[in-house]
Amino acid sequence: MANDKKMVAAITDMEKDFPQWYTDVVKKAELTDYSSVKGCMIIKPYGFAIWELIQRQLDDRFKETGHENVYMPMFIPESLLQKEKDHVEGFAPEVAWVTQGGDNVLQERLVVRPTSETLFCDHYHNIIQSYRDLPKLYNQWCSVVRWEKTTRPFLRTTEFLWQEGHTAHATAEESAEETIKMLNVYADFCEDVLAIPVIKGEKTAKERFAGAKNTYTIESLMHDGKALQSGTSHNFDDIFAKSFDIQYTDKDNQLQYVHQTSWGLSTRLMGAIIMVHGDNNGLVLPPRIAPTQVIVIPIAMQKEGVIEKAQEITDRLKKSFRVKNDLTDKSPGWKFSEYEMKGVPVRLEIGPKDIEKNQCVLVRRDTGEKTIASLDNIEETIALLLDDVQANLYKKALDNRNSKTYSAKNMDEFQDILNSHQGFIKAMWCGDRACEDKIKDLTAATSRCIPFEQEEISDTCVCCGKKAKNMVIWGRAY
Ligand SMILES: [Zn+2]
């Protein structure tokens with residue numbers, strides 16, 4: 001039994017040291033490994049399998065909304081990056097430069113893409129001539145590079161995987177509509193598939209994407225009460241079109257600028273899954289993105305017929321679920337803690353006594369609850385159980401967020417809250433950058449968003465006491 005306990009004992013208590021707990025889970029659940037490239041991670045098969053399920057389901061939603069996948073080069077010539085002033089200023093501090101190819105110093109330096117607006121704009125400039133060429137609804141799955149000083153697996157790495165949608169439209173109304181449409185795609189995906197409740201809203205000017213007219217965001221709250229920006233959608237209106245001269249002739253033969261959007265979601269979401277659902281036994285995966293939804297573990301394997309029965313059940317369940325069995329000679333206890341660590345939603349145990357009674361034992365990962373189920377209709381039982389785990393994880397995450405959402409009317413209240421808790425703070429804001437900066441200096445909390453669903457906490461700005469414009473959600477963030 002000493003061995004059985006070792007695996008769980010190796011992770012830190014999340015209530016004592018959350019950052020260490022996170023690092024332990026990432027490692028013990030075999031999601032990533034350190035690489036010899038500073039700030040970059042190796043995503044291991046189990047971690048990548050989760051990303052693939054995210055990718056597949058999100059990609060389906062992009063296709064359903066009319067988008068097509070393309071692929072752009074990973075290098076951007078310096079002159080192209082320079083074309084949009086705010087954009088280059090925003091990204092310059094964190095770009096990686098290529099200055100040499102083989103033995104030759106390059107005539108023009110290249111940037112390793114930190115994001116691809118400039119490449120898409122250059123392409124759109126070449127391929128859009130007429131209103132008949134619009135809209136262009138493109139997306140690409142790729143990696144990008146942003147030179148980070150401090151890094152953490154999934155949350156902040158120098159190279160990370162993501163998707164970036166880039167669209168061009170005839171009118172300002174259409175680009176505005178697309179921006180919100182894709183924000184809603186992200187929000188529904190996070191809530192339905194990842195079981196992570198999100199708050200939809202707009203970023204303040206300070207937090208806006210470099211070169212955008214509006215940036216919208218979905219914000220989620222981690223178990224420790226810190227916020228995580230989980231996806232963003234930007235409306236560029238005609239700002240980039242003017243810098244890159246992307247024009248089309250309309251039906252009246254007049255030249256018009258296109259109106260553009262971009263939207264992105266990255267492997268940071270993997271960090272959100274870990275930090276929203278995980279517990280002291282490790283990772284907890286929502287069934288919809290679990291690479292293995294059911295793990296079949298034989299008990300008393302040496303007894304006649306047990307392995308065969310475990311294999312038979314596995315084959316049967318494979319028709320309906322992502323299922324695996326573990327027929328290795330590790331002890332059942334060791335296997336239990338291993339698959340708990342990996343967050344497998346349901347464990348199915350089958351031993352000689354169960355076989356006699358035509359039943360099995362089902363254990364759910366989220367609550368640890370054990371039930372005995374007949375093998376006759378095991379498919380239906382497991383389908384219902386997985387739905388229930390999915391729904392319960394969402395509810396738990398929502399309860400956590402609600403219990404860690406506070407409101408403040410003045411800075412004393414604001415600071416008191418943050419001195420004793422982490423969480424979202426709802427507070428009114430006058431709209432002045434000075435107040436936003438001051439709040440950050442005093443509390444290390446940033447404006448997460450101006451939520452679409454506004455409330456009236458008070459009439460006056462939490463910071464300066466002048467007349468308030470909006471309610472803002474504030475918090476310390478990853
Ligand atoms: Zn103010």
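Data for the structure
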{"item": "Meets criteria (β-branched (Val, Ile, Thr), within 11 Å of the ligand (Cβ to nearest atom), on the phi < 0 side of the Ramachandran plot and surrounded by fewer than 21 Cβ atoms within 10 Å (Cβ to Cβ)) for Thr460", "result": "yes"}
{"item": "Enumerated strands (runs of 3 or more DSSP E) restricted to the stretch 38-124, each holding at least 2 residues that are of a type outside the set (Asp, Glu) and free of Cβ contacts under 8 Å to residues at least 40 places away in the same chain", "result": "75-77, 96-101, 104-112"}
{"item": "Residues of the stretch 463-478 satisfying the condition of being of a type in the set (A, V, I, L, M), open to solvent by 10 Å² or more (accessible area, probe 1.4 Å) and within 11 Å of the ligand (Cβ to nearest atom)", "result": "Ala468"}
{"item": "Candidates Ile299, Ile274, filtered to the one that is within 30 Å of Arg156 (Cα to Cα) and either at pLDDT 95 or above or open to solvent by less than 10 Å² (accessible area, probe 1.4 Å) (or both)", "result": "Ile274"}
{"item": "Selection count, the stretch 298-351, where residues are touching a helix residue (DSSP H, G or I) at 6+ places or on another chain (Cβ under 7 Å), hydroxyl-bearing (Ser, Thr, Tyr) and under 26 Å from Tyr22 (Cα atoms)", "result": "1"}
{"item": "Hits in the stretch 417-443 - residues which are of a type in the set (Gly, Ala, Ser) and at pLDDT 95 or above", "result": "Gly423, Ala427, Gly431, Ala434"}
{"item": "Filtered residues of the stretch 432-449 (kept if within 14 Å of the ligand (Cβ to nearest atom), within 16 Å of Lys409 (Cα to Cα) and surrounded by 15 or more Cβ atoms within 10 Å (Cβ to Cβ))", "result": "Cys435, Glu436, Ile439, Ser447"}
{"item": "The stretch 222-258 - residue that is in a loop (DSSP other than H, G, I, E, B) and of a type outside the set (D, E, K, R) and, of those, surrounded by the fewest Cβ atoms within 10 Å (Cβ to Cβ)", "result": "Asn253"}
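Every residue, every condition in (1) touching a residue at least 12 places away in the same chain (Cβ under 8 Å); (2) farther than 21 Å from Val389 by Cα, yes or no:
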| residue | (1), (2) |
| --- | --- |
| Asp326 | yes, yes |
| Lys330 | no, yes |
| Trp334 | yes, yes |
| Glu338 | yes, no |
| Arg347 | yes, no |
| Ile355 | yes, yes |
| Leu362 | yes, no |
| Asp366 | yes, no |
| Glu369 | no, no |
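The values are calculated or read from the model by the stated rules, or taken from the named source; none is laboratory data. Because the structure is predicted, anything quoted here is derived from the model rather than measured. Please note: Cβ atoms are built from the backbone with ideal geometry, for glycine as well, and neighbour counts cover all protein chains shown. To get the accessible areas, we keep the full protein, side chains included, count just its heavy atoms, and leave off ligands, DNA and RNA. Shrake-Rupley method; radii C 1.70, N 1.55, O 1.52, S 1.80 Å.
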